[in-house]
Amino acid sequence: MKLKNNRNPISVAEAVFRVVERARRTGTETVPLAESYGRILVEPLAATHDVPHFDRSPYDGFAIRSADSAGASRDRRIKFKVIDHIGAGDVSKVTIGDFQAVRIMTGAALPSGADAVVMFEQAIVTEHSFTIRKAFAPQENLSLQGEDMRAGETVVPAGSFIHPGTVALLATFGYGQVQVARRPVVGILSTGTELLDVHSPLEPGKIRNSNGPMIAAQLARMGIPYKMYDTAADQLEECLLTVREALVETDCLITTGGVSVGDYDYLPEIYEQIGADVLFNKVAMRPGSVTTVAVSEGAFLFGLSGNPSACFTGFELFVRPALLKMMGADKTYLPRTTALLAEDYPIANPFTRFIRAVHDRTSVRPAGFNKSNAVSSIARGNSLIVLPGGTRGYAAGDPVDVLLLGVEEGTDEWVL
Ligand SMILES: Nc1nc2c(c(=O)[nH]1)N[C@H]1C(S)=C(S)[C@@H](COP(=O)(O)OP(=O)(O)OC[C@H]3O[C@@H](n4cnc5c(N)ncnc54)[C@H](O)[C@@H]3O)O[C@H]1N2
Ligand code: MOO
Ligand SMILES: [Mg+2]
């Protein structure tokens, strides 16, 4: 009972700080390139060779010596003889001499002697020759060795999220295997005697478990697999047993429900019984004020609220950055922007308020019914409006902070 009632709300920033401070990287592993998307780079990615590693043509046309084009004009066309023909992947054996050219396709290596490329559109082409009507500067229309990256240059720092562009880079440098941070093993436990599974018909007083599948999807969005524990009734021994099991089997257990001050809210007592180090059990935020985070035997215990909107918000604010840090990421926080409120929001905000919202470029609109127990607004929203505690009376047109959801890579600084 002690823990349950002894609750001092701390600020959201302080709560986020306490969580992230305790998160430790869970180790490294090697994965095939094809499975590297969504993982975090453990080592900086440095260029192992120049890119491109040879001078090449960026156009379909003719490789020439620019000096030969000097003085060309509309009235004084200069003629070149075509002495070879190459496509990308071929290397010409010829060396270009006076007024000679090689017909060259995009991506093909520049022949010896050439230092400029005439695009087809810049030439009048006949069978074995062509004429031009302008002078070409040295290196005109060339893709030069190392123009993209230089050998040895660090292109992507360690701790970066591997997105499709990173995969392209890894492939460029021949990494068939990539060293990445190991993903934490995460368990999900939904508690509540009222919970039915998704296949069950409704019964009086019961509801279907939406938080469990929602958290699973929030994890999936981060590329993190999960272990789903059987839904537990609000019963101390049953919940305690599963929590103890999860402490052995996972790096992190996310529970939902049973974390407030109700007669059947057993999470506070469970934390006490297992001797967990409770980082906080009250946050000055709404929804999610009862969110509790504890650490036991090196594993995180995220006690998210049973109320769906609170559960969702607690995951995005606290679970996500902790897991990302465990995965070795630097950019662990949701990206933030500001936008203009699309409608009045007169309600007072004694605590920092997170409103499920629809963000559309410059404006943001609350996504409908927005109480802590709402499900609909989680489904409609793509963002969270943040209204600081101690404020009230927001009006349409007021600029507000917005946290963006579902973005591949976040930001490295908590700014609210
Ligand atoms: N006297 C007080 N009562 C409450 C307080 C308070 O400070 N004093 N806090 C309220 C706030 S705020 C919240 S949020 C909830 C938190 O409750 P719990 O985290 O203990 O969650 P439960 O009581 O188990 O359930 C709350 C609500 O959510 C529904 N629920 C639970 N699990 C699921 C699930 N997996 N899927 C869908 N819905 C779920 C449950 O049926 C309840 O309706 O406490 C307030 N009370
Ligand atoms: O924890 Mo409750 O969600 O603040 O509404
Ligand atoms: Mg409760």
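The values are calculated or read from the model by the stated rules, or taken from the named source; none is laboratory data. Everything numeric here is computed off the predicted structure, so don't read it as measured data. In this analysis, Cβ positions are derived from the backbone assuming ideal geometry, glycine residues included, and neighbour counts consider all displayed protein chains. Surface areas here come from the heavy atoms of the whole protein model, side chains and all, with no ligands, DNA or RNA. Shrake-Rupley method; radii C 1.70, N 1.55, O 1.52, S 1.80 Å.
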- touching a residue at least 40 places away in the same chain (Cβ under 8 Å), closer than 30 Å to Val178 by Cβ, open to solvent by 20 Å² or more (accessible area, probe 1.4 Å) and of a type in the set (Val, Ile, Thr): does that describe Val42? yes
- What number of residues within segment 248-270 satisfy the criterion of being more than 10 Å from ligand 1 (Cβ to nearest atom), closer than 18 Å to Tyr229 by Cα and not polar (S, T, N, Q)? 7
- Within segment 243-255, the residues that are of a type in the set (Val, Ile, Thr) and more than 24 Å from Thr313 (Cα to Cα) are Val248
- Positions within segment 171-190 being assigned to a loop (DSSP other than H, G, I, E, B) and either open to solvent by 40 Å² or more (accessible area, probe 1.4 Å) or in contact with a helix residue (DSSP H, G or I) (Cβ under 6 Å, 6 or more places away or on another chain) (or both), in sequence order: Gly174, Tyr175, Gly176, Arg182, Arg183, Pro184, Val185
- Message: I'd like the residue in segment 222-243 that is out of contact with any helix residue (DSSP H, G or I) (no Cβ under 9 Å at 6 or more places or on another chain) and modelled with pLDDT of 95 or more and, out of all such residues, is nearest to ligand 1 (Cβ to nearest atom).
- Response: Asp234
- Message: So Ala168 ticks every box in (1) open to solvent by less than 60 Å² (accessible area, probe 1.4 Å); (2) outside any strand (DSSP E or B); (3) in contact (Cβ under 8 Å) with a residue 24 or more places away in the chain but one. Which box is left unticked?
- Response: (3)
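Rundown of residues vs (1) farther than 20 Å from Ser11 by Cα; (2) away from ligand 3 (no atom under 16 Å from the Cβ); (3) of a type in the set (Ser, Thr, Tyr), yes/no style:
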position: Ser260; (1), (2), (3): no, no, yes
position: Gly275; (1), (2), (3): yes, yes, no
position: Met285; (1), (2), (3): no, yes, no
position: Leu317; (1), (2), (3): no, yes, no
position: Pro321; (1), (2), (3): no, yes, no
position: Gly328; (1), (2), (3): yes, yes, no
position: Ala348; (1), (2), (3): no, yes, no
position: Arg356; (1), (2), (3): no, yes, no
- Note on the structure: For segment 104-133 the number of residues that are in contact with a helix residue (DSSP H, G or I) (Cβ under 6 Å, 6 or more places away or on another chain) and small (Gly, Ala, Ser) is 1
- Task: Restrict the check to segment 237-257 and report whether at least one residue is farther than 27 Å from Arg183 by Cβ, within 15 Å of ligand 2 (Cβ to nearest atom) and open to solvent by 50 Å² or more (accessible area, probe 1.4 Å).
- Result: no
- Task: Test each condition in (1) free of Cβ contacts under 8 Å to residues at least 40 places away in the same chain; (2) in contact with a strand residue (DSSP E or B) (Cβ under 7 Å, 6 or more places away or on another chain); (3) within 13 Å of ligand 3 (Cβ to nearest atom) for Cys239 and report the one that comes out false.
- Result: (1)
- Out of segment 271-290, which residues are farther than 21 Å from Val185 by Cα and either part of a strand (DSSP E or B) or within 10 Å of ligand 1 (Cβ to nearest atom) (or both)? Phe280, Lys282, Val283, Met285, Arg286, Pro287, Gly288, Ser289, Val290
- Within the group Ala72, Ala88, Ala63, which residue is more than 30 Å from Gln218 (Cβ to Cβ), of a type in the set (A, V, I, L, M, F, W, C) and exposed (fewer than 15 other Cβ atoms within 10 Å of the Cβ)? Ala88
- Do you know which of the residues in segment 242-258 that are in a helix (DSSP H, G or I) and among the acidic types (Asp, Glu) is farthest from ligand 3 (Cβ to nearest atom)? Glu249
- For segment 18-27, state whether one or more residues are more than 23 Å from the chain's Cα centre (by Cα), assigned by TED's automatic domain parsing to the domain that holds Pro225 and not small (Gly, Ala, Ser). no
- Message: For segment 305-360, give me the residue count where each residue is part of a loop (DSSP other than H, G, I, E, B) and open to solvent by 40 Å² or more (accessible area, probe 1.4 Å).
- Response: 9
- Task: Among what's in segment 20-36 and is out of contact with any strand residue (DSSP E or B) (no Cβ under 7 Å at 6 or more places or on another chain) and within 13 Å of Tyr175 (Cβ to Cβ), pick the residue that is surrounded by the most Cβ atoms within 10 Å (Cβ to Cβ).
- Result: Glu35
